[in-house]
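Report on one structure; see the data block that follows.
The values are calculated or read from the model by the stated rules, or taken from the named source; none is laboratory data. What you see is a predicted model, and the numbers here were worked out from it, not measured in a lab. Please note: Cβ atoms are built from the backbone with ideal geometry, for glycine as well, and neighbour counts cover all protein chains shown. For the accessible areas, the whole protein counts, side chains as well, though only heavy atoms, and no ligand, DNA or RNA atoms are used. Shrake-Rupley method; radii C 1.70, N 1.55, O 1.52, S 1.80 Å.
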Amino acid sequence: MTSIPDVEGALDARTLVHRTRSFRSVSALLAIAFLVVLGLVSLLAPLLPLDPTTTDLAARWQPPSAEHWFGTDELGRDYFSRVVYGGRISLTVGVLAMAAATAIGVVVGLVAGYAGGRVDDLLMRFVDFLSSIPWMVLVIVVSVFLKPGLWTIILVIGAFSWMATARLVRAETLSLRERPYVGYARYIGVPRVLVVTRHVLPDAAPTIIVAATASISNAILTESALSFLGLGIQPPMASWGSLLETAQDSLQVAPYLALIPGILILLTVLSFNVLGDALRQSVSEGGA
């Protein structure tokens, strides 16, 4: 017979779980809302009355006001326009680098997990080798030998950030290939490519989506770090990272030049991480 304290403890536990889920739901909704607004503003920037290149030396380092929402920079350019267009570049790098890294990671993970044996060992040793090298050092070294620019930074980040995705997809593939329907498909002679694309890949999609959200965050942080070091986006283009780099000389005069892009990087990465955590929780509950 269950005692009253046990019942009360069970109720408290259920209340805590319910509140935790509610908090996660609210956090996920706020993250989605922020990312949607940020994405829309970035996409519609060319249609808005914004000019990030017009200079006015007489209006240098003006604080935020009704005329200039984020103030002006060292050349008198409207900083709100600079930040919006910088967000376009940062999000473009994040999304395209994520797409490249996810594509490579999914292919490697599927091949390694489904083929097994020597193929799996060879691919995983290659993944371990790349993972053993500090990724930031690797990206910086490669960036030095390539001409800095938007497509270079996308290529470099995408080419050296797929290893975690490959490991996740491989682990999921190892589990899925033991499912009865996959075994039956192999038994009746369905080609391996069709088994992987029709049965394994769709069931691995939730894991891939979760990994992709983390890849976007990592890509944005990597681009920001490289641009801050002068190895990323080059003028006249600007990203949030390059805005941080150019704001170093103006910290005492106009600290908002560094605070605004820094806060936006923080909020964007946090939003993607919260979204990824919500997706991971949803996948875990769906599989439970």
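Among the residues making up the range 180-227, those that are open to solvent by 20 Å² or more (accessible area, probe 1.4 Å), farther than 30 Å from VAL137 by Cβ and touching a residue at least 24 places away in the same chain (Cβ under 8 Å) are ARG192, VAL196, LEU201, ASP203, PRO206. Scanning the range 113-134 for residues that are closer than 29 Å to LEU226 by Cβ and over 19 Å from the mean Cα position of the chain (by Cα) returns LEU123, MET124, ARG125, PHE126, VAL127, ASP128, PHE129, LEU130, SER132, ILE133. Listed by first and then second residue, the pairs linking a residue in the range 80-93 that is open to solvent by less than 30 Å² (accessible area, probe 1.4 Å) to a residue that is in a helix (DSSP H, G or I) and among the acidic types (Asp, Glu), with Cβ atoms under 6 Å apart and 6 or more places separating them unless they lie on different chains, are VAL93/GLU223.
The set of residues in the range 63-75 being without any contact (Cβ under 8 Å) to a residue 12 or more places away in the chain and surrounded by 10 or more Cβ atoms within 10 Å (Cβ to Cβ) consists of SER65, GLU67, TRP69. The residues of the range 160-176 that are closer than 13 Å to LEU123 by Cα and aromatic (Phe, Trp, Tyr) amount to a single one, TRP162. Inside the range 28-42, can you point out the residues that are under 15 Å from the mean Cα position of the chain (by Cα) and among the β-branched types (Val, Ile, Thr)? Selection gives ILE32, VAL36.
Taken residue by residue, the range 121-134 has at least one member that is closer than 22 Å to ILE265 by Cβ and surrounded by fewer than 16 Cβ atoms within 10 Å (Cβ to Cβ). In this entry, THR222 is excluded by the filter for residues that are in a helix (DSSP H, G or I), modelled with pLDDT of 90 or more and either within 17 Å of the chain's Cα centre (by Cα) or within 27 Å of ALA31 (Cα to Cα) (or both).
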